[in-house]
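Visitor: Let me begin by handing over the structure; questions about it come next.
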Amino acid sequence: MKLAIIGAGNVGGTLGSAWATKGGHEVFFGVRSPNSDKTQALVDALGGKARAGTAAEAVAFGEMIVLATPWTATGAAIRSMGDLNGRTILDATNPLAMGPDGLGLEIGHSISAGEKVQGWAKGASVFKTLNTTGFGNMANPVFHGVKSVMFVAGDDTAKKPKVIELVAALGFEVVDAGPLRNARLLEAHAMLWIELALKRGLGRDWAFALVRR
Ligand SMILES: NC(=O)c1ccc[n+]([C@@H]2O[C@H](COP(=O)([O-])OP(=O)(O)OC[C@H]3O[C@@H](n4cnc5c(N)ncnc54)[C@H](OP(=O)(O)O)[C@@H]3O)[C@@H](O)[C@H]2O)c1
């Protein structure tokens with residue numbers, strides 16, 4: 001599949017590399033500086049499977065769009081993407097901001113980043129996913145044979161199976177977490193990962209998984 005990845009940093013770069021190398025997908029990174037050394041090195045490392053350009057060029061190329069921009073840049077990034085009516089967006093953003101207690105969520109109980117993205121991306125089907133673990137785990141989500149879990153929340157039930165398939169191709173166990181409003185839960189869940197990883201000493205090399213009876 002042809003994928004537009006908006007943002008080619010920790011998350012965008014890792015996801016694009018994984019889909020291009022493991023899943024055989026073609027990726028187009030949409031960034032503000034496509035000719036930067038960092039972005040060009042990423043594209044070169046992926047051979048003919050990747051290219052880079054503006055966000056609008058990436059969106060014109062991709063069958064699905066992955067949003068991997070810093071929260072503060074996300075509104076501007078979406079405005080630069082052009083008409084999004086009918087498009088599918090996987091939103092990996094978390095609404096992080098510095099507060100009195102350090103890094104935290106800027107919004108949460110009554111609205112989420114996912115729902116704000118839906119408001120900005122008029123007519124698109126937005127799915128909150130790939131936000132609840134560190135970027136390093138997105139390259140290898142399997143721990144000693146156990147798949148770590150990734151959730152997908154979104155309202156478009158017709159498009160959801162394809163989104164789940166794309167996320168599962170990375171190696172995650174994927175769970176349908178219901179409608180997009182449940183992004184409020186997934187962004188808080190992401191904050192728990194960040195809290196434990198960065199402030200409580202767990203580091204980045206662990207992930208959430210499901211166990212069942
Ligand atoms: N880091 C993690 O482990 C992790 C895990 C889960 C979710 N997330 C979330 O994923 C998002 C990205 O995080 P990250 O760590 O990958 O950030 P990052 O390393 O800073 O990368 C951000 C990317 O966004 C691009 N960008 C910035 N403004 C843009 C715009 N207006 N249009 C297009 N591209 C733009 C930047 O490139 P240019 O400056 O060249 O445009 C850069 O490639 C954040 O919302 C974060 O909360 C992060």
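Visitor: How do the strands (runs of 3 or more DSSP E) wholly within segment 29-119 filter down when requiring 1 or more residues that are more than 12 Å from the ligand (Cβ to nearest atom) and under 19 Å from A153 (Cβ atoms): which remain?
Guide: Qualifying strands (runs of 3 or more DSSP E): 64-67, 88-91.
Visitor: Next question, about the same structure. With the structure loaded, tell me whether D156 is under 24 Å from G53 (Cα atoms), acidic (D, E) and modelled with pLDDT of 95 or more or whether it fails that test.
Guide: no
Visitor: Something else about it: Does any residue of segment 12-23 turn out to be near the ligand (Cβ under 8 Å from one of its atoms), part of a strand (DSSP E or B), closer than 22 Å to A121 by Cα and of a type in the set (G, A, S)?
Guide: The answer is no; no qualifying residue exists.
One line per residue, one yes/no per condition, for (1) out of contact with any His (no Cβ under 9 Å at 6 or more places or on another chain); (2) over 14 Å from W71 (Cα atoms); (3) surrounded by fewer than 22 Cβ atoms within 10 Å (Cβ to Cβ); (4) modelled with pLDDT under 95:
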{"position": "T93", "(1), (2), (3), (4)": "yes, no, no, no"}
{"position": "G99", "(1), (2), (3), (4)": "yes, yes, yes, yes"}
{"position": "E106", "(1), (2), (3), (4)": "yes, no, yes, no"}
{"position": "K116", "(1), (2), (3), (4)": "yes, no, yes, no"}
{"position": "G123", "(1), (2), (3), (4)": "yes, yes, yes, no"}
{"position": "F127", "(1), (2), (3), (4)": "yes, yes, no, no"}
{"position": "F135", "(1), (2), (3), (4)": "yes, yes, yes, no"}
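Visitor: Continuing with this model, one more query. Right, V126: β-branched (V, I, T), within 13 Å of the chain's Cα centre (by Cα) and away from the ligand (no atom under 13 Å from the Cβ) or not?
Guide: Yes; evaluated as a whole, the condition is true for this residue.
Visitor: Give the residue, chosen from L84, L46, L15, that is at pLDDT 95 or above and closer than 30 Å to K199 by Cα.
Guide: Going through L84, L46, L15 in turn, just one is at pLDDT 95 or above and closer than 30 Å to K199 by Cα: L15.
Visitor: Inspect all residues belonging to segment 192-202 and state whether any of them is closer than 17 Å to I89 by Cα, modelled with pLDDT of 95 or more, more than 16 Å from the ligand (Cβ to nearest atom) and of a type outside the set (D, E).
Guide: no
The values are calculated or read from the model by the stated rules, or taken from the named source; none is laboratory data. Quick caveat, the model's predicted, so the values are computed rather than measured. Please note: Cβ atoms are built from the backbone with ideal geometry, for glycine as well, and neighbour counts cover all protein chains shown.
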